[in-house]
Amino acid sequence: MGVLIVGTIGLDTVETPFGKKNEILGGSAIHAGISSSFYADTAICGVVGVDFPKKHLDFLKSKKIDISGIQVVPGETFRWSGYYEYDMNQAHTRDTRLNVYTMFDPKLPEKLKSAQFVFLANLDPELQLKVLDQLEKPTLVAMDTMDFWINNKRDALREVIKRVDFVLMNDGEARHFMETPNIPIAAKKLLKLGAKAVIIKKGEHGALLFTDKLHFSAPSYPQDMLRDPTGAGDSFAGGFMGYLAKTNDMSEKNIRRAIIVGSVMASFNVEDFSLDRMKRLKHEEIFTRFDEFRCFSEFESLSEKEAKNV
Ligand code: AMP
């Protein structure tokens with residue numbers, strides 16, 4: 001098993017300056033799972049109600065995603081509704097209906113317990129802890145969260161952070177959770193809670209990696225096609241985890257590459273609503289954009305002579 005992703009599977013109602021879509025496929029596990037599936041065998045664990053359209057499960061199967069960890073139970077599927085204004089880095093939640101997630105007991109099928117790469121996508125941190133308890137010996141575990149859980153389940157969230165390798169958060173959430181306006185300080189505080197590495201996602205402005213020893217900054221992409229930023233963070237995480245699972249190389253050099261792969265996947269996901277762009281995405285396009293990212297941030301050192309004149 002390559003990558004196991006546990007998170008929400010839902011129906012989103014999204015409004016952006018480019019239109020409004022009702023009840024489209026969404027959820028943190030879906031965006032992350034589809035992105036990861038470009039690189040590695042991927043399994044999704046979550047819950048849906050009996051109202052969840054079968055075509056969405058068929059879509060996951062068509063991408064060869066293992067859905068044995070998706071429970072279908074009586075009740076209504078998770079729903080999130082939100083809107084974006086011209087600053088599309090900021091999602092405004094109108095409504096969150098946890099529905100079947102209030103009764104969700106994430107029991108991993110036996111074969112998923114041995115997953116080597118595990119992403120605990122945005123989900124109730126108490127459920128994230130239940131998943132952590134079932135894992136056998138993962139190589140790498142990463143987690144994500146959002147304001148909703150920072151406000152409602154702060155202590156459980158701290159517990160999860162203690163037990164994972166990578167913490168992924170967007171800049172606003174990290175500031176809010178660590179109660180500081182300063183991102184490097186927020187990252188340091190997250191490391192102090194027990195995470196081995198922290199990735200701060202800054203929407204269209206790139207991503208930052210912090211560990212005790214190193215710092216890396218992924219460039220922003222000049223995104224001229226941006227229709228719906230929902231799921232950008234999750235597709236980042238899915239690409240990051242999928243690439244690490246595929247290469248099975250945890251060197252610093254490869255982690256930097258994985259962060260760029262994550263950035264590439266997020267940059268595609270935001271080009272259309274729901275998973276529409278990911279459905280059309282081709283591997284050649286990923287390769288070309290990866291190289292564009294490299295060129296944007298490549299520059300040479302100053303020579304000794306030049307350095308004296310700066
Ligand atoms: P993001 O990558 O942060 O844009 O994640 C977007 C996805 O998160 C949407 O498709 C929503 O269905 C899902 N979502 C929204 N609120 C929550 C929540 N409180 N917990 C878990 N998932 C959520």
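What is the number of the single condition among (1) open to solvent by 20 Å² or more (accessible area, probe 1.4 Å); (2) within 16 Å of the ligand (Cβ to nearest atom); (3) among the charged types (D, E, K, R) that residue 280 does not meet?
Going through (1) open to solvent by 20 Å² or more (accessible area, probe 1.4 Å); (2) within 16 Å of the ligand (Cβ to nearest atom); (3) among the charged types (D, E, K, R) one by one, residue 280 breaks only (2).
Any idea which of 131, 50, 73 is open to solvent by less than 10 Å² (accessible area, probe 1.4 Å), touching a residue at least 24 places away in the same chain (Cβ under 8 Å) and more than 12 Å from the ligand (Cβ to nearest atom)? Before you say what the answer is, go through the steps one by one.
Details: 50 fails: open to solvent by less than 10 Å² (accessible area, probe 1.4 Å); 73 fails: open to solvent by less than 10 Å² (accessible area, probe 1.4 Å).
Every option except 131 fails the conditions.
Take residues that are out of contact with any strand residue (DSSP E or B) (no Cβ under 7 Å at 6 or more places or on another chain) and within 30 Å of residue 85 (Cβ to Cβ) and tell me which of the strands (runs of 3 or more DSSP E) falling wholly in region 185-232 contain 2 or more. Please lay out each step first, then the result.
Working: elements: 197-201, 207-210, 215-218.
Because the criterion is at least 2 residues that are out of contact with any strand residue (DSSP E or B) (no Cβ under 7 Å at 6 or more places or on another chain) and within 30 Å of residue 85 (Cβ to Cβ), no strands (runs of 3 or more DSSP E) in region 185-232 meet it.
Can you name the residue in region 98-124 that is part of a loop (DSSP other than H, G, I, E, B) and within 16 Å of the ligand (Cβ to nearest atom) and is also nearest to the chain's Cα centre (by Cα) among such residues? Outline the logic, then answer.
Pass one, region 98-124, residues part of a loop (DSSP other than H, G, I, E, B): 98, 104-109, 113-116, 121-124.
Checking the rest, the ones that are also within 16 Å of the ligand (Cβ to nearest atom) come to 98, 104, 106, 121-124.
Numbers: 98: 19, 104: 21, 106: 19, 121: 6, 122: 8, 123: 11, 124: 15 Å.
Checking each candidate, the answer is 121.
For region 223-250, which positions are closer than 17 Å to residue 138 by Cα and surrounded by fewer than 21 Cβ atoms within 10 Å (Cβ to Cβ)? Before you say what the answer is, go through the steps one by one.
Filtering region 223-250 for residues closer than 17 Å to residue 138 by Cα gives 237-238, 240-250.
Listed by number, the residues that qualify are 246, 247, 248, 249, 250.
Could you check region 134-152 and list, in sequence order, the residues that are within 16 Å of the ligand (Cβ to nearest atom) and part of a loop (DSSP other than H, G, I, E, B)?
Step one: of region 134-152, the residues within 16 Å of the ligand (Cβ to nearest atom) are 142-152.
Listed by number, the residues that qualify are 145, 146.
Identify, please: which residue in region 7-20 is under 10 Å from residue 81 (Cα atoms) and of a type outside the set (A, V, I, L, M) and is, among those, most open to solvent (accessible area, probe 1.4 Å)? Don't jump to the end; show me each part of the working.
Of the residues in region 7-20, the ones under 10 Å from residue 81 (Cα atoms) are 11-15.
Within this subset, residues satisfying the condition of being of a type outside the set (A, V, I, L, M) are 12-13, 15.
Working: 12: 8, 13: 27, 15: 64 Å².
So, considering only residues that are under 10 Å from residue 81 (Cα atoms) and of a type outside the set (A, V, I, L, M), the one most open to solvent (accessible area, probe 1.4 Å) is 15.
The values are calculated or read from the model by the stated rules, or taken from the named source; none is laboratory data. Keep in mind that what you see is a predicted model, and the values were worked out from it rather than measured. As a convention, Cβ positions derive from the backbone with ideal geometry for all residues, glycine included, and neighbour counts pool all protein chains shown. Ligands, DNA and RNA are stripped out before the accessible areas are found, and what is left, the full protein with its side chains, is counted by its heavy atoms. Shrake-Rupley method; radii C 1.70, N 1.55, O 1.52, S 1.80 Å.
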